[in-house]
Amino acid sequence: MAKRVEATGVTAYYGSFKAIDSINLRVEPKTVTALIGPSGCGKSTFLRAVNRLHEVLPGARVEGSLTVDDENIYDKDVDVTAVRRMIGMVFQRPNPFPTMSIFDNVVAGLKLNGVRRKSVLQDAAEKALRSANLWDEVKDRLGKPGAGLSGGQQQRLCIARTIAVEPQVVLMDEPCSALDPISTLAIEELMFQLKDLYTIIIVTHNMQQAARVSDRTAFFSIEKTGDPGRLIEYDNTQKIFNNPSEQKTEDYITGRFG
Amino acid sequence: MTAPAQTAPGRDPGLRGRRTPLLVLVGVAVVAFGVSAAICYGTGFGNWVLVLVMGLILYLVGSFFAINRYEGRRAARDRTWGALIHSAFVLALLPLVSVVWTLISKGTERLDLNFFSTSMNNIGARDPDGGAVHAIIGTLEQVAIAAAITVPLGVLAAVYIVEYGRGRFTLAIRFFVDVMTGIPSIVAGLFVLAFWVLIVTPWFNNGQPAFSGFAAALALSVLMLPTIVRSTEEMLRLVPAPLREGAYALGVPKWKTIVRVVIPTALPGIITGIMLSIARAAGETAPVLLVAGGSDAVNINPFENNQTSLSLFVFQQAGDASRFAPARAWTAALTLVALVLILTIAAKLLAGRNRLRR
């Protein structure tokens, strides 16, 4: 189920602006990797490059190679939609589809990709909602609109929606930044369970969260505004937080910078 | 003018401000309208409308000072502006109420079964009967055909502009859509007359130009298209980008994201835009007169021979010499408004049904 992600010289542009510069990063299967760093350092850009969502924006493009189990997803003959089914993404703000019910939201990825069988959809919905720890809260109102749930529930709904298509890798772009501490805890616990099945890459501004949930941590930074973001240090989370090799990392972790 | 409620520093005014006694405001109102009436009837200049308007202005000025005296300047400004805005609302509503009232009071005279079951065929100037069934059929057919042409075209054009369009070509489309918005209806009618009726129809009609309801629908399409494109475009732009990205991230292809996520989210707004354009088209007279010619008899076939429409019927009856004609014109106008209202409500209900309830 889980796959290895390896970035080699990944450089991303917004028009002529270089947002990240030759990132090399190797993410092992069934681990949680946290990307930390100051705002504007390219963490989210890198994350969006991993499932080829970066190129959706006008003028945005990516150079370099990104392999998932040795298959370059930026090869010319690769089907973008297949890449995105394999690499799911949870966004900063919960974004359930407002016209769909809870049930339809969870199985949206299946339904919109042609799965019709009711029994298959029902099983998939229940399984995904159970893995997202949301089943007990919504099982009696699956027909109600997804937008009617609380923020934390909506975010878990979005996680359920993502894992319902059974991806290999799950990307999370600050999934808890819009949530209260209790919902955050629920989602962090969820990440612990999910990493048995998926490779997880999470962007977070919350360093305690990075320390709590991740096995490996990558620190991104920029020299000054307008410069591209670079990968400064990438190591085991323990090492990054207790004994970083780079001075910049230590400054950031201890709050002296950024 | 000092305001006692604005207290000196150090004196606690309390959280609850003082209220102006109701009696004071009533007193101000009585004085205001009394003075206004005295001026008007005293000088013999103006009637009750002037009394009302002048009284209202005097009351606003008077109440401002009264409230200022009791509650302070901020409260006085707040309440005076509030009153001004409410007055503006009433003022804006007056024409609407007046139109509806006129339509209903004058339109009910011929609001009978006969009106909806007969045409003007073989109705002479001295005949009190006669109806608009031919005009109702004409309006419904022409608007339906125009909608069938413009709704798919307009929505697809808007989808192209918002979701796919890049660069000069899109800018050109948007520019020409804006230009189309400004086309007067008579010009749209002349365009269809010159192009369709005089050049195209002779090929099908043994060399003779032919009026038809379809030609009217074409002219109405020219008028409806820009409205639909622009309103749909605005609605599609309102759909948040994270929604599209959420669908992309599930591996949903772009076209399916548009069809299943973007358009359903924007649907209520799109329908409103379509209904506005239909309402405008249903009220157009000039193009129908130019290219469908008008007719007194029922013509169900929109592709052959003359047709009329409700607005053209109103125009012709209003100018008719028969003393029974004005009543028919009023009833037809009422019917037209009711028809558009029913269509709008039906469309809203249909769009609302898509919303989740259960």
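With θ taken as phi - 60° and the Karplus curve 6.51 cos²θ - 1.76 cosθ + 1.60 applied, the whole-hertz 3J(HN,Hα) list for region B:274-288 is 5, 5, 4, 5, 5, 4, 5, 5, 5, x, 7, 9, 4, x, 5 Hz, x standing for glycine and proline.
Using θ = phi - 60° in the Karplus curve 6.51 cos²θ - 1.76 cosθ + 1.60, the 3J(HN,Hα) couplings for region B:16-33 round to 8, x, 7, 9, 6, x, 4, 4, 4, 5, 4, x, 4, 4, 4, 4, 4, 6 Hz; x is entered for Gly and Pro. Buried accessible surface for the A/B chain pair comes to about 2200 Å², total over both chains, computed with a 1.4 Å probe. The calculated pair-distance distribution of the protein assembly as shown uses every alpha carbon pair, bins of 10 angstrom beginning at 0, and gives 3, 12, 16, 14, 14, 16, 14, 8, 3, 0, 0 percent. Other residues whose C-beta falls under 14 angstrom from the C-beta of residue B:176 contribute a net charge of +1, scoring Lys and Arg +1 and Asp and Glu -1. Helix A:151-164 versus the longest principal axis of chain A: what is the Cα-based angle in degrees, 0 to 90, to the nearest 10? The two axes meet at around 90 degrees. Computed from Cα positions, the angle between helix B:73-107 and the longest principal axis of chain B comes to roughly 40 degrees. Expressed as an acute angle from 0 to 90° and rounded to the nearest 10, what is the orientation of the C-alpha long axis of helix A:181-194 relative to the principal long axis of chain A? Long axis of A:181-194 versus the principal axis of chain A: about 90 degrees.
If R0 is taken as 51 Å, the Cβ-Cβ distance between residue A:205 and residue B:280 corresponds to a FRET efficiency of 0.50.
Each Lys or Arg adds one and each Asp or Glu takes one away; over the other residues whose Cβ falls under 14 Å from the Cβ of residue B:60, this sums to +1.
Panel values: region B:13-107, Kirkwood radius from alpha carbon pairs, Stokes-Einstein at 25 °C and 0.890 mPa s, translational diffusion coefficient 160 µm²/s.
When Rg and the Kirkwood Rh are both derived from Cα coordinates, the Rg/Rh ratio for region A:1-154 amounts to 1.01. Among the GluC sites (Glu not before Pro) in region A:180-226, those placed in a DSSP loop whose Cβ has at most 15 other Cβ atoms within 10 Å are A:223. Residues whose amide H falls under 5 Å from that of residue A:229, counting only those 5 or more places apart or on a different chain, are A:20, A:21, with hydrogens built in the peptide plane.
Computed per residue of the protein assembly as shown from DSSP H runs no shorter than four, each worth -39500 (n - 2.57), the mean residue ellipticity at 222 nm is -17000 deg cm²/dmol. Compared with the alpha-carbon gap, the fully stretched path from residue B:169 to residue B:305 is longer by 45.0 nm at 0.36 nm per residue. Computed extension gain for residue A:78 through residue A:65, at 0.36 nm per residue and net of the alpha carbon distance, reaches 3.4 nm. Extension gain for the segment residue B:204 to residue B:47, taken as residue separation times 0.36 nm less the Cα-Cα distance, is 50.1 nm to one decimal. The calculated FRET efficiency for the pair residue A:223 and residue A:93, based on their C-beta separation and a Förster distance of 25 Å, comes to about 0.25. Does anything in region A:73-110 have its amide N under 17 Å from the 7 Å Cα→Cβ label point of residue A:141, and if so which residues? Zone members listed by number: A:96-106. Amide H to amide H distances under 5 Å link residue A:60 with A:15, where only residues 5 or more positions off or on other chains count and H is placed in the peptide plane.
At an R0 of 51 angstrom, the distance between the Cβ atoms of residue B:255 and residue A:254 translates into a FRET efficiency of 0.55. Looking at the protein assembly as shown alone, DSSP beta bridges between its own residues are antiparallel in about 55 percent of cases. The residues neighbouring residue B:110, those whose beta-carbon lies less than 14 Å from its own, together hold a net charge of -2 under the Lys/Arg +1, Asp/Glu -1 convention. A simple rule links phi to the HN-Hα coupling: the Karplus curve 6.51 cos²θ - 1.76 cosθ + 1.60 with θ = phi - 60°, which for region A:17-27 gives 7, 7, 8, 9, 10, 5, 8, 10, 8, 10, 10 Hz, with x for Gly and Pro. Database remark: amide H of residue B:72 closer than 5 angstrom to the amide H of B:5 (H placed geometrically; neighbours at sequence offset of 5 or more, or on other chains; Pro and chain starts carry no H).
Identify, among B:213, B:97, B:61, the residue whose Cα sits farthest towards the positive end of the charge dipole of chain B, taking +1 on the Cβ of Lys and Arg and -1 on the Cβ of Asp and Glu, with the dipole about the Cα centre. Toward the positive end, the furthest listed residue is B:61. Of all DSSP-defined beta bridges confined to chain A, some 55% are antiparallel rather than parallel.
The values are calculated or read from the model by the stated rules, or taken from the named source; none is laboratory data. Worth saying up front: this structure is predicted, and the values here are computed from it rather than measured. Cβ coordinates were reconstructed from backbone atoms using ideal geometry, including for glycine residues, and neighbour counts include every protein chain displayed. Remember, those area values only see protein heavy atoms, side chains included, never the ligands or the DNA or RNA. Shrake-Rupley method; radii C 1.70, N 1.55, O 1.52, S 1.80 Å.
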